[in-house]
Amino acid sequence: MTRDDFMSFFRDDECLNTLSAADSIEVFSQILIGSSDFTAKLLNDVLSEYCVDHKEVVEYDN
């Protein structure tokens with residue numbers, strides 16, 4: 001699969017609907033390049049996208 005094929009798949013709602021919940025979790029957990037990709041904003045945006053309004057990620061300094 002080429003990069004263009006991969007991106008076309010993920011930009012197509014019908015294709016995305018063929019993924020199971022486990023498939024989606026696997027892709028999400030593997031696709032980010034490194035730990036710096038995980039930010040409070042990203043995680044809060046994901047929570048918001050899925051209408052999870054009873055949780056919030058808060059940043060703090062050690």
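The values are calculated or read from the model by the stated rules, or taken from the named source; none is laboratory data. Being a predicted model, the structure only gives us computed values, none of them experimental. Glycine gets a Cβ as well: all are built from the backbone with ideal geometry, and neighbour counts include every protein chain shown.
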**OP:** Within region 30-43, track down each residue that is under 11 Å from the mean Cα position of the chain (by Cα) and either surrounded by 10 or more Cβ atoms within 10 Å (Cβ to Cβ) or assigned to a loop (DSSP other than H, G, I, E, B) (or both).
**Re:** I31, L32, F38, L42, L43
Subject >> Single unsatisfied condition, D61 versus (1) at pLDDT below 90; (2) more than 23 Å from F6 (Cβ to Cβ); (3) touching a Leu at 6+ places or on another chain (Cβ under 9 Å) >> reply: (3)
